Structure formats: structure tokens, C-alpha cells
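Here's the structure, in C-alpha cells; my notes come after.
The values are calculated or read from the model by the stated rules, or taken from the named source; none is laboratory data. Remember, predicted model here, so these are calculated numbers, not experimental data. Quick reminder, even Gly has a Cβ in these numbers, built from the backbone with ideal geometry, and neighbours come from all protein chains shown. Each accessible area value is taken on the protein alone, full model and side chains, heavy atoms only, with ligands, DNA and RNA left out. Shrake-Rupley method; radii C 1.70, N 1.55, O 1.52, S 1.80 Å.
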4 protein chains.
Amino acid sequence: MQKRSPAPPGIDGAALHHYALRVNRIPVGVLGASGYAGRELCALIHGHPCLELAFATANDQRGATVRLGGRDTTFVAPDDAALGSAELVFSALPHGASYESVGRARDAGARVVDLSADLRPGNEHAGSAPYGLTELNRGQIVGADLVANPGCYATSILLALAPLVERDLIAPGSAVVTDAASGVSGAGNAPKRELLFGEVSEDYRAYGTGNVHRHLKEMRATVAELGADVDLVFTPHLLPVARGILASITVTLARPIDGDVLGPWRDAYAAEPFIELAKEPPALRDVVRRNVTRIHVEPLAGTRRPMLLVLSAIDNLLKGAAGQAVQNANLMLSLPETLGLPA
Amino acid sequence: MQKRSPAPPGIDGAALHHYALRVNRIPVGVLGASGYAGRELCALIHGHPCLELAFATANDQRGATVRLGGRDTTFVAPDDAALGSAELVFSALPHGASYESVGRARDAGARVVDLSADLRPGNEHAGSAPYGLTELNRGQIVGADLVANPGCYATSILLALAPLVERDLIAPGSAVVTDAASGVSGAGNAPKRELLFGEVSEDYRAYGTGNVHRHLKEMRATVAELGADVDLVFTPHLLPVARGILASITVTLARPIDGDVLGPWRDAYAAEPFIELAKEPPALRDVVRRNVTRIHVEPLAGTRRPMLLVLSAIDNLLKGAAGQAVQNANLMLSLPETLGLPA
Amino acid sequence: MQKRSPAPPGIDGAALHHYALRVNRIPVGVLGASGYAGRELCALIHGHPCLELAFATANDQRGATVRLGGRDTTFVAPDDAALGSAELVFSALPHGASYESVGRARDAGARVVDLSADLRPGNEHAGSAPYGLTELNRGQIVGADLVANPGCYATSILLALAPLVERDLIAPGSAVVTDAASGVSGAGNAPKRELLFGEVSEDYRAYGTGNVHRHLKEMRATVAELGADVDLVFTPHLLPVARGILASITVTLARPIDGDVLGPWRDAYAAEPFIELAKEPPALRDVVRRNVTRIHVEPLAGTRRPMLLVLSAIDNLLKGAAGQAVQNANLMLSLPETLGLPA
Amino acid sequence: MQKRSPAPPGIDGAALHHYALRVNRIPVGVLGASGYAGRELCALIHGHPCLELAFATANDQRGATVRLGGRDTTFVAPDDAALGSAELVFSALPHGASYESVGRARDAGARVVDLSADLRPGNEHAGSAPYGLTELNRGQIVGADLVANPGCYATSILLALAPLVERDLIAPGSAVVTDAASGVSGAGNAPKRELLFGEVSEDYRAYGTGNVHRHLKEMRATVAELGADVDLVFTPHLLPVARGILASITVTLARPIDGDVLGPWRDAYAAEPFIELAKEPPALRDVVRRNVTRIHVEPLAGTRRPMLLVLSAIDNLLKGAAGQAVQNANLMLSLPETLGLPA
């Protein structure tokens, strides 16, 4: 991961006006648009001042017209999408299936943001594209043709950990223990019995236990690249809410943090438009429907070594998927980074 | 904590019949009956074959009649309860306020199960009464006059950890990291804005952060008494469900567990009627409305030292409060331990 | 519908004891056991003092073992069920598919409670079996070999209306307008996208609109048989809760009810163990997990003709399905009507 | 109610630009800003291109700073609000308490939108101000100094009924039966036990039964003024959702509607930006967070007289309160009606 490029300048009213009046919007397409992330992408594109939706593909739901972002949107069959008509394509296809479609879109001349795991660090095709964790990797994303959009859990956890790692503040060899909980939209909208309202309501459980969740790969690769020598332990849980992720991260420090415990995060994220440092533990309702990561840090009392609790909340469909994808697309297309994104 | 007494024999049909036909039920009272735990106590008592409710007190709700366990139950003012009319009194009064009332009930000749924190290990009046974590402390509870009923989080966590601690399986000096999530009934039914449906629905957040939650005291004292030299880290969260607790505990082992990773729990809890060892991660719906602790254990992959994930689920109002209180009362009154409890 | 037979005598302790000690339990089977109603049936049978589960069939979930009523229950393929081994069979198969299986079970010598619509009044095979709306039709159900168990909405609405109809209190030719709302378990547990937690949570909508819901047939036929000449209007809605039905019924009266507005219901249901007349509007939480119908009645102010609001709440899986089925089975098998049912 | 003025022209990009660049925003104040409607008002004002928040008052929560519409907003004590500093004041004070404060704001020279019931048709101070049911009363609202903003239930029901009433399509003397269900935000955010998550979750019940709900007054007065001679029957219910209202209205027609059953609504609302006519029954999730009324109509099968089901869904906090208040304020201030409102 390169040295970080600075946070973007804010957009003033005049700039917004400039962009909003662009005569020709940029055509973009969405592959796999019928899932929750794909739908969110369509909604964001409809509301974006400089983008327009060229096509949205779906398999099972091909032909269906749904209301997204205030506009009727019709899903076309994958073969009916004119890949070349889009300047940029978002792929929200399943892991594995995405790689080939990304190749076809690139061959047709489109830039691509791939929301699948295929190209992410630690995965099969890692290295083919910069990792789109925007705040850590902005320099490589600006102007890129292909970006690997991060996983939702990975986004919430890596943005929370990076300031500690970059400052060598985590005790070498220690375990970083993360329990995280996600709303059901993280599991997609394919009909499965265990995701029925009658099963999820009034329930809560861990899943993907034993430190084997798919996102661990990209988290481990990224943490290692940032220079930390730690064991990541990650236990995800399923929440009876529609959207939102909260990661609760317990860290053993190499040394106490003097002064303001939030200092490392303030230093790292001072000018970031989509990162909020909170005085109180973040709640899902603080971040839902917003493209932000909200972080809170507290020392843990009564332990022999200095330890920290780092809490990080995102909307899994925005900063954890479609929102960050648009954030990356803005950079790839040389648009202001915050354009069309709810902060 | 003494050496454990054996698990109780099961009740066969003949025994149940014997107890169910007892001519005279044992009168018991409930102090602080209008809260969620108090109401659950009344419902359990109404359904218990050998107990009958002598009185149920409430302050703000004095005079109210509510339907509990299929029977209309009228709350009387605290001063109107004839403490001496009850052979045993449950105190579900708030921490601090309970201590004095417990004393008055004892002076009136009643045995007492105190559901408040006042008498628990690590708290102000610790040592006055055995700690009512039934499965760990049965020997001291049988026939006791006064028992300190454990906290809900403490119950779920200590029952999960005890088999490891007793076998010296936790790495000395290591941190045991527990993230736990509780339904809102854990916060009581006093009207507070932050507990309104409009605030809790679709939300999730940590609270009592920084390793300062009240239950840490009794957990630390108990773990120390059991012989472990570890740092307990505990972060509770508020779930948008009515009832249930799930504790997700990450442990660093002193040495790997050979063979069946559930072995220590099987050894410790073989004959326990209220402990379930599960092959899959427990869900709240597995335990809600039941007086059980459901435990699942998995090794954590990819860490340099051997680590375990221990998951423990209970109904916070039953095994975490009223159910365990009746379990203890059964022992104090020389009744079969499982009588009147939904398993 | 015949003149009503009287409500059953209560069961005293001695009778319960008598039945509980029956040496041989009666074997019963469940066809279509994997749906919500089928699972509830298995749970009730496991907890019933005189019944035992001979088999439970399922198609897609054949071979699965699930925990129901505190016991592991394994679903067998329909062809593997020895129909003749059961004295009574509950069919919780889908409408249409049930009829043939009911015939096979009858041929094998079993009595049958059919929970499908096939045999209900107004449906294709109406007339083959008494309608199992227990409180209205007890005389025909006692000792019957085959009973058509009512629909959930029909149960809540017909029990609420019958006392008015029987007393000719509804204005002839008027419209009886029912809006009802059901928890999602009413829609079954087959995986459908529109029943996912992410779709149902925080939502509410009408469905089956235009006065075409399947249950209208049995309601119209039953109301006509009871002697009323009215138009039934019925609009069902889907609630974001797991279980429970509330029917809100607006009735135009032929003449005002003098005195106690609840009088007709008190007269009709004085001794009924599973009908509750409430002073306040019933809530789902008053009836969930109980085999009762809870009814509340109020005059409507400010209308030129006398009108009433009748509110009726049930648990759709108990009094609306499995509970009433067991209630009927008890009568068919000459057991006390309330045996094994939570009131 | 006057003859209706035409629906407003749409805002094109140029007009939006014109308004967005207004150098001076119009200062507006909010009285009673800490409730759900008041908070929503503050959020809308913060996002409005031509308004700015001059003050937001609260009693119990005075001094509190909350995040609304992406901005920190501090509530001041009522006496600390400089009423004269606002060109327009929204009063979200409780019924009864609002009237006096509205007077003081008017005396200070501010225009006022009163969200309380005090000035609405059928209430104590009716006649002092036009009724702000925008689509029915636009002519009187444009340029008005004082407007009585409608109740949430009344908005959903009256907009659904008006096209029938105006065309004399409802059978004279018949009963119009409305069952409606509202999310809990309709009950405000004052802490009450019956609104706790633990009480509302998995529940559903009617309240304000017997045809006595406060909103009936304004509905009756408005329907009468529109020329209908009918009995309104209204039964509200409390839903376990945060926001949204669905009204299910059963109407007896004077004569069948020939051709398209939606015809009367198409005629009445052809150009309305905030009214949607839907082919399917509207769901809460179609309207939540939007300032729209979504209406669906179906003939009811099998009745002797022609009857209709009219379904109407709104967000109770937007079109049912704060959104319609801003819609009215836009007209009062000669701004485009749709400015700052999510459609």
C-alpha cells in the first residue's frame, strides 16, 4: 500500500454547481443489479449529478422493473447489456462469477469497480487491481482502470485498525480480537429459509465461526502490508436488523497512548469527509443510509497490559459496498470524491 | 468455591407426581415484582407445582393487576407485604435498595434469594451468602438460608469459562475477551427514551464500554477463586430483541486441547439438566423461554498460540435471573432442582 | 351447524393425574411436519400427556432432525410413514395436496384432522367432514373420524361473529368489514424473497386484496349456515411479527344491544376454556403461545345506525392451526378437550 | 374548502439552480423541536436550499445537541428563542399548548405552520387558519400567514377519500370504515412504558377504539365540507415499526365506477408531485422517508352493493407531519412547493 495521498478538498457550492450542470452525464453500468448491493448502486447512480445508468443486469430477475432511488429501473439479461456503452461498470456479481465478467467489461473498454472478493488482497486474483479501501489507498485509485472494492466487514475493521498499525502501536505477536455484527442485507436477498423474518426476528447468533470468514484473507493481507505482525481473530454475527455493521475490536497495545486516545485517528483522518470520530460508542442508526465510517476508541480498565476497545460502525450497503464503490468510481473518473454520496 | 457437588438426579414421573400432590404449597414472596425479572418470577411461581405466591410487591405499580403465568397478579405496596407469611422471599429490587429489604425478610424468618448485585462476589456485601451460580456451587446452596443470585451476563460467561479454568487450560496472564449482546429486557422496564421501540428497532450498539460493567466484579472474583490468573475484558451490547444473551468469548489456551474440543465441558457438565453442549453456534431462539445455558466451542484457525471461541447463550430472564433464582430456591427448600422450570 | 353442545367440564387435578398416568400413549402422526404448523403440532404432541408422535413426514426436509417441544424430531419421507401405526393423523399438507393423503390415512384406519382447506365449508370437498371450529361445533366433532380444521383468519373472525349472528343482531344486508393482520408464520416457512427479514422488517402491507382471500369461502358458508344474510368484506395484512392474528371487525347492528355490550359473548362462551372476553383491546402478546381467542367489543360512537367494533386475537399457529387441531383431536379421541394445550 | 387550485408546475433544473443560489436563506424556527416531528422538521430545514434554522426550542431537552440532517442542532429553552428573528415558525408543540405559542409567534411578526390539532377543522380554534392539506387546499395556503397542518391519519385518509367525495361517489348515509396502522413514532418520543421496545416488539393492537380518536374531528369536518353525508368509522392500531401509516378504507359506492377504477384519483391528482397511484397495494417501505401519499384502489368482490377498498400509505413524520408542513411553508413563502422535500 503506497504512502497515503492527502484527503480530498471539500466541494464548495460553486464546484457542485459546475458538476451538476455538466451537459453530458457519464454512462455507467451495473452487473448483478438485483441483489441488495446492486440495487443500492442503481439508486446511488440515479441520484448522482454526473452519472447515468446505462444498464443494470440480473439473472433470475431479468425483466423485472423495480423502483430504485425514485426511478423505475428495469433489469436486463446479462447478455443484453452493451458493455461498451458504459464508461465504467460496477460488478456486484457473486464471488467467482465476477472475475470473468470483469474481464469482458475491461475488454469492451470499460473501467471496472469489482465489488466481489475475486481481486482483493489475499484472494485468487489479488494484485490485478488496487484495493479500493479509499482512505488508505487513494493514490492508486485516482485514475485507475480497475479497482477491487473491499468487503463490508473488512472496511469497518481495517479503517479502524490502520492508524494503530501505521504507528506501530499494536503489541507484536498479540491477537487482535474482533467480534462484529451485521444486518441481514449482508447475506443478500436470495431466498433462504434461515433468512426469513420468522427465523431472524428476535434472534441473534454467530456464524462463519472458527476464524474462517472470507474477509479474513483481505484483512490479513492488508494488515501485513501495513506492517503489523499480529493474529487477527474474527467472529461475525447475524443481527435482526436490515442494514449496518458494528465491529468491536479489542487490541493489546505495544505501549500506552499518551494524551488523547483518539490522537492516532485524528492524525490519520483529519480531513477525511467520510470518517467520523465519535465521543460515544457508535450506533447503527448513526451510520445507516450514510457513506461513513464512525469510530470510537476507549482504553480498557483493569488489564495488566495496555488494551484498547475500538468500535467501528458502517452501513454495510454504502461504505461497506455500493457507497465506497461510487467513492472509488468518482476518483477513477476524476470527479470530486464525495459526489453523489450521502454523508 | 467448594468442590462441586454432583448434578442432581433426574425427576421421574413418580417423583413429579409425589411433589405435585403435596397438599400444602410453600408460600413464597416477590419483592420488586413489577420489573421484567420480577414478573418472570411470579409467572414461574404460578406454574410451580410446589410453590404459591404469597405476595408480590411494587412501588410505582402498586395496586396494578397484571396477567402473569396465566393468573391475575396484583402488586401490593412494599409495606403491605407480610414478609413473615413467606417461607422464602425473592428480592428483585434494584442494586443498593435490595440489601436492606433482604435483611428485613431474613429478620421475619424468610429464606431469601437476592437477585440484586449487593451480595455477589466482588460487591459491597460479598461473603454474606453463597453465590447462586447453581452448577458451580450446588453444595453451598442446598439448604442455604440466603443466596446471591448471579447477574445475567456473569451466568452466561462463567458457566462457559469454568471448565477451562478448572482444568488450568487458559494461558496464565492472557486476556479473555468477551463480547456479549443482550435483549432489551436486560435493561428493565422503567420508561427511558433510549429504550423506546423507535430508538432500539433497527439499531445495535455497545454500552458500558471500557471494561467497567457491574458484572465484571463478580466475574473477576469468581474466576480468581476458581484459580485463573487472567485479564477479563468485557464489552456488552444492546440488541433489538426482547430477551436473550449471547456471549462470544475468545480465549488463549495454555496448551491445545487434545481430542474432542468439547471434552472439558462434557466432563464438567455431563449430568447437568440445564446445560446443553451444542454442535452448532447457539442462537437466542434455542434458549429463549428456557432455563438453560447452551454452549458451543470451536478452535480458532490461523493463530500462533492455540485459541478457542466459546459461545454461550441464555435467556437473560430465566437462567440469567428468575429461572436460576427458582433453581436455587428449589435447592434451598430441598425440592428437586428442576421443578417448575422450563428446560 | 348443529345446536351447540355445552362447553366441557374443567379438568381437575385428579383427572389430569388419571390421564397423565395412562400407561399407553396414543400414537399419532403428522403429515407435512416441516412447515410452521406441522412443527407446532409435533411440539404439542411431544408435550401432550396422552399422545406420542408415531411419525412426522416432510418432503424437502426429509431426514432433517430438528428440536421441537424439547425433543429431537426427525422428519421421514412421506412414503416411509406407516400410516396404519397411528390412531390419528394430522395433515398439515398444502391445500390440494392434502385431500389424497387424507384418504390414504383414512384407508389405513386412522382418524384424521385435516389442517388444509380442502374439506372446509365452501371448498371443493366440503361436506365430507365436520368443520372443526370447536366451540361452535363440538357436538359433531366428539368421536368423529375426520375433521376439517379451520383456517386461522376464519377462526378468529367466526368465533368473534357467531354470538351476534346466532342472536340475529347483525343488520340484514349490511356489510361486515374485517381488516385483519397476521404475523409472517401464517405465510409458511418456504423460502420466498418477499418473506425475508430484510423485506418484512419495518414494513406493513395488505395482500390478497379485493375480497378474494381463500378463507372467505369458509367464512361465508359458515355465516350463512348460522343464519346471517350479510356481505363479508375481508382485507388481510402482513405484520412484521413472527406469530399472531388480530381481526378488527366493524359490524352494523340490527338493533342496539341493551346493557352490557359483551352480553352476547358472555352468554355464548360462558364456560369455554379457550375463549377470553377482555375489557381492553387485545394485543398479540396476550395470546401468543396460547390456544385462546381473546375478544373485545365496543360500540362505535357517532354513527347514525348502531355499530360495533369487535376485536379478536389469536395465535395463528395455535388456536388458528395446531392448537385447535389438538383440541379437536382430544374430542375425537374422547380425551378432555384441554389436554396438552397451553391456555 | 375552496375550489382546488391547480397542481404546481414541476421545478426544472434551472429553477432549482435559481433558488439554490439565493444569497440569503430565509430564517425559520421550530417550537417543540425535540419530538420526532420536531426533529424531522429540523432535518428538513437543514437540507432545504432556501431555509435556515434560526432556532429550535425544547423543554426537557433544552441544551441538548443532537445530530439532525447531518448537522449538530442545539435545542434552546422556549424563552430563549427570538421569535421575531424567524420569518416563519413551525410549532410542533403538543395540542393545547401550541395555541398560545402560535399567537406569540404571530405577534412577533412570524408566519406560522401549526402542527398541533388546535386550529384544525372540528377543533376548538377551527376557522382561524386554512387547513394545510396541501393538495386539497392549495389556493388558501399560498401566501397565507397561518396554516393548520393536518394530522397524520387525517392526511392519509382524506387524500384517499377526496376524489370519491368530490364526485359524489360514496353512497349517502353509508359508513366509510377505516382501519389504520401507524408506526410508533406517531406516539412521540416521550418515555412511556407501553412504548418500550420490549413491549412493542412482536406485538400489535388497536388503541383509541370506539370511534373517538382525535383525528376524527378534522376528518368529519373536512368530509362534510367536501359535501359527503357519510358516517366515518376509524380504528387505529399500533405497529411494531418505527415509522409509516397504512390506512385501509372500505367504501360503499353510490354507483359503480365505469372503466378504470383509479379514474377519479387520476383526474384529481394528475399533476400532483407528492401523490402516487399504485397498481399494487402500497407498503410502508414504498413511502417511508418520502413526502408522498401512495394510493391503491380495488373493487371488492362478492358484495351486493358496489364497494371499494382504498389503501393509502404515508410516512407519518413526512407527509403526515414535517414534510407537509414544509410543503405548506414553501407555498406560504412563495417558494416552489417541492423544494427541500424527498419525493
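A few notes on this one:
- Filtered by the rule that a residue be facing chain A (nearest Cβ under 8 Å) and assigned to a loop (DSSP other than H, G, I, E, B), segment B:292-304 gives B:L300, B:A301, B:G302, B:T303, B:R304.
- Residue that is nearest to the other protein chains (Cβ to nearest Cβ) [pool: residues in segment A:249-265 that are open to solvent by less than 40 Å² (accessible area, probe 1.4 Å) and outside any helix (DSSP H, G or I)]: A:T250
- When segment B:205-231 is filtered for residues that are at positive phi and either crowded, with 18+ Cβ neighbours inside 10 Å or under 20 Å from the mean Cα position of the chain (by Cα) (or both), the ones remaining, listed by number, are B:G208, B:N211.
- Unique match (being within 12 Å of another protein chain (Cβ to nearest Cβ) and of a type in the set (G, A, S)) among B:A268, B:A325, B:A283: B:A283
- Subset of segment D:163-203 [of a type in the set (S, T, N, Q) and more than 10 Å from chain C (Cβ to nearest Cβ)]: D:S185, D:N189
- Selection count, segment D:76-94, where residues are touching a helix residue (DSSP H, G or I) at 6+ places or on another chain (Cβ under 9 Å) and under 20 Å from D:L317 (Cα atoms): 6
- For segment B:51-105, a residue qualifies if it is of a type in the set (G, A, S), away from chain C (no Cβ under 14 Å) and over 22 Å from the mean Cα position of the chain (by Cα), and the qualifying residues are B:A54, B:G63, B:A77, B:A81, B:A82, B:G84, B:S85, B:A86.
- Of the residues making up segment C:220-229, not a single one is over 21 Å from C:G173 (Cβ atoms) and in contact with a helix residue (DSSP H, G or I) (Cβ under 9 Å, 6 or more places away or on another chain).
- Residue count for segment A:77-107, restricted to those that are β-branched (V, I, T) and either farther than 19 Å from A:N123 by Cβ or in contact with a Gly (Cβ under 8 Å, 6 or more places away or on another chain) (or both): 1.
- Of all residue pairs spaced 6 or more apart or on separate chains, those with beta-carbon atoms under 8 Å, a first member in segment B:322-333 that is open to solvent by less than 10 Å² (accessible area, probe 1.4 Å) and a second member that is modelled with pLDDT under 95 and among the small types (G, A, S) are B:M332/B:G143.
- Checking every residue in segment D:167-176 against the condition of being within 23 Å of D:L333 (Cβ to Cβ) and hydrophobic (A, V, I, L, M, F, W, C) gives zero matches.
- Per this entry, B:G109 is not counted among residues that are open to solvent by 20 Å² or more (accessible area, probe 1.4 Å), touching a helix residue (DSSP H, G or I) at 6+ places or on another chain (Cβ under 6 Å) and within 14 Å of chain A (Cβ to nearest Cβ).
- A:P240 vs. criteria assigned to a loop (DSSP other than H, G, I, E, B) and open to solvent by 30 Å² or more (accessible area, probe 1.4 Å): no
- Extreme residue, least open to solvent (accessible area, probe 1.4 Å), among residues of segment B:266-278 that are touching a helix residue (DSSP H, G or I) at 6+ places or on another chain (Cβ under 7 Å) and part of a loop (DSSP other than H, G, I, E, B): B:F274
- Hits in segment A:280-301 - residues which are over 18 Å from A:A343 (Cα atoms) and either of a type in the set (D, E, K, R) or open to solvent by 60 Å² or more (accessible area, probe 1.4 Å) (or both): A:E280, A:E298, A:P299
- Scan of segment C:49-89 for residues that are of a type in the set (S, T, N, Q) and open to solvent by less than 50 Å² (accessible area, probe 1.4 Å), ordered by number: C:T57, C:Q61, C:T73
- Any hit, segment C:305-316, residues being open to solvent by less than 10 Å² (accessible area, probe 1.4 Å), assigned to a loop (DSSP other than H, G, I, E, B), farther than 14 Å from C:I249 by Cα and in contact with a strand residue (DSSP E or B) (Cβ under 7 Å, 6 or more places away or on another chain): yes
- Tally, over segment D:204-241, of residues that are out of contact with any Phe, Trp or Tyr (no Cβ under 7 Å at 6 or more places or on another chain), within 7 Å of chain C (Cβ to nearest Cβ) and modelled with pLDDT of 95 or more: 9
- So D:R289, is it touching a residue at least 24 places away in the same chain (Cβ under 8 Å), under 19 Å from the mean Cα position of the chain (by Cα) and assigned to a loop (DSSP other than H, G, I, E, B): yes
- Qualifying residue in segment A:101-109 (condition: of a type outside the set (S, T, Y), in contact (Cβ under 8 Å) with a residue 12 or more places away in the chain and assigned to a loop (DSSP other than H, G, I, E, B)): yes
- Taken over segment B:124-172, the criterion of being open to solvent by less than 20 Å² (accessible area, probe 1.4 Å) and assigned to a loop (DSSP other than H, G, I, E, B) is satisfied by B:A129, B:G132, B:L133, B:A144, B:N149, B:P150, B:G151, B:L169, B:A171.
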